[in-house]
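The values are calculated or read from the model by the stated rules, or taken from the named source; none is laboratory data. None of these values were measured; they are calculated from a predicted model. Using ideal geometry, Cβ is built from the backbone for each residue, glycine included, and neighbour counts are taken over all protein chains shown. Accessible surface areas use protein heavy atoms only, side chains included; no ligands, DNA or RNA. Shrake-Rupley method; radii C 1.70, N 1.55, O 1.52, S 1.80 Å.
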Amino acid sequence: MEYAELLDAAATHPQPHMRHLLLTAFAISALSANRAKERSIRKPFNPMLGETYELVRASGEVPGNFRFVAEKVSHRPVKMACQADGQRWSLTQSSKPVQKFWGKSAELITEGRVHVVLRLGEDKGGQGGDECYSWPIPTMFLRNVVMGEKYVEPVGHIAVLNETTGASCSVEFKATKGMWGGRSEELEAHLMSPDGRRTQHGLIGNWTSSLSLTETGKSREVLWKVGELVKGAENRYGMPVFGAQLNEITEIEKGKCAITDSRLRADQRLAEDGNLDEAERMKTKLEE
């Protein structure tokens, strides 16, 4: 949800093709949380069954003016569910992550589509009502599992579908050139009409840095730009500033979090304070 302002922009834009491209940029932007290769050094915390996370962003924040709640609803197989609501949009997803190991790399598959509803209202030239979109999470590969610099990269392609009109936006993640080509970061997206014809509109750029609009193959203005990482990110698992803030209990949440909220986990707090041995003992106690 780091770039939820793209959803706000889509819900208020009068042109259908721009709404679709803004939604596509939002779908791609979520991948950028993994742009720092240090993110792949250690496994993330695994939430416990029934663990929740609730976030409320005030209207003055960026991103802001939305609420979000997530829950781990199954442990084996692992399944998560989340719901987010802005003033003129809603997002929902039920995800099931699956891992496949291939010797030197691991394939990270996330089953379950993201669904977004834009509430357009009556100020779009008579195009009032809801507009529904959905897309899958791209397959990611964790490279150099055994030795070497670990990093993740998206592979293949996805299609962001406008379920209301039938139009789609095809996103292709460019493959690495050769064995020593490094991580693949470039991508292209092409907007397709409901009858399957390629339109003149699209996106070009990198999932790690920025995306620009294209029209008849020519690059135009930047539509999305990546946010900042925390200071000394290489020693802090490459955390984005937005992501690093999410474990804080602010004045909005103080005394109002559910007892199942992730921010109240004692083992996570101990780990943040650098007390890893005690954090490990507390983690075992909580899981048991």
- [ ] Quickly estimate the mean residue ellipticity at 222 nm for the chain, helices only: each DSSP H run with n ≥ 4 gives -39500 (n - 2.57), and the total goes over all residues, rounded to 500.
- [x] -4500 deg cm²/dmol
- [ ] Provide the gained length on full extension for the span Ser170 to Thr216, in nm with one decimal, where the gain is 0.36 nm per separating residue minus the Cα-Cα distance.
- [x] 15.0 nm
TODO: Could you pull out the pairs from Lys79/Lys283; Lys79/Lys285; Lys150/Lys285; Lys100/Lys254 whose alpha carbons sit more than 28 Å apart here?
DONE: Lys150/Lys285; Lys100/Lys254
Task: Net charge of Cβ neighbours under 13 Å - reference Lys256; Lys, Arg +1; Asp, Glu -1 - done: -1
Open item on the list: Under 5 Å between amide hydrogens, which residues at least 5 positions from Tyr151 or on another chain qualify, with H placed 1.01 Å from N in the peptide plane?
Closed with: Arg143
Task: Cβ-based charge dipole, the chain, positive-most Cα from Ser105, Ala258, Leu120 - done: Ser105
Task: Whole-number D in µm² s⁻¹ for the chain, Kirkwood Cα-pair radius fed into Stokes-Einstein, 10 °C, 1.306 mPa s - done: 78 µm²/s
Task: Average accessible area per residue (Å²) across the chain - probe 1.4 Å, nucleic acids and ligands excluded - done: 55 Å²
Task: Per-residue ³J(HN,Hα) for region 91-99, Karplus 6.51 cos²θ - 1.76 cosθ + 1.60, θ = phi - 60°, Hz, x for Gly and Pro - done: 10, 9, 7, 10, 10, 10, x, 10, 10
Task: Selection from Ser59, Cys82, Leu191 lying farthest towards where the dipole of the chain points positive, charges on Cβ - done: Leu191
- [ ] Could you tell me which of rounded, prolate or oblate describes region 1-134, using a ≥ b ≥ c as the square roots of the eigenvalues of the alpha-carbon gyration tensor, with rounded for a/c under 1.5 and, failing that, prolate when a/b is larger than b/c and oblate otherwise?
- [x] prolate
Open item on the list: Need one number: nm distance between label points at Arg183 and Ser95, each 7 Å from Cα along Cα→Cβ, rounded to one decimal.
Closed with: 1.7 nm
Task: Extension gain (nm, one decimal) between Lys285 and Arg42, 0.36 nm per residue minus Cα-Cα - done: 85.4 nm
TODO: Please list, in chain and number order, the residues 5+ apart from Ser105 or on another chain whose amide H is under 5 Å from its amide H, with Hs placed from the backbone.
DONE: Val145
TODO: Amide H neighbours of Trp89 under 5 Å, at least 5 residues apart or on other chains, H built in the peptide plane: list them.
DONE: Arg119
TODO: Could you check which residue among Thr165, Thr110, Thr214 shows the biggest mean-square fluctuation in a GNM of the chain with a 10 Å Cα cutoff?
DONE: Thr165
Task: Between helix 16-29 and the chain: long-axis angle, C-alpha atoms, 0 to 90°, nearest 10 - done: 20 degrees
Task: Cα-centre dipole for the chain with unit charges at Cβ (Lys and Arg positive, Asp and Glu negative), debye to 20 - done: 720 debye
TODO: Subtracting the Cα-Cα distance from 0.36 nm times the residue separation, let me have the gained length for Ile249 to Leu264 in nm, one decimal.
DONE: 4.5 nm
- [ ] On the protein heavy atoms, probe 1.4 angstrom, tell me the percent of accessible surface of region 50-107 carried by carbon and sulfur.
- [x] 53 percent
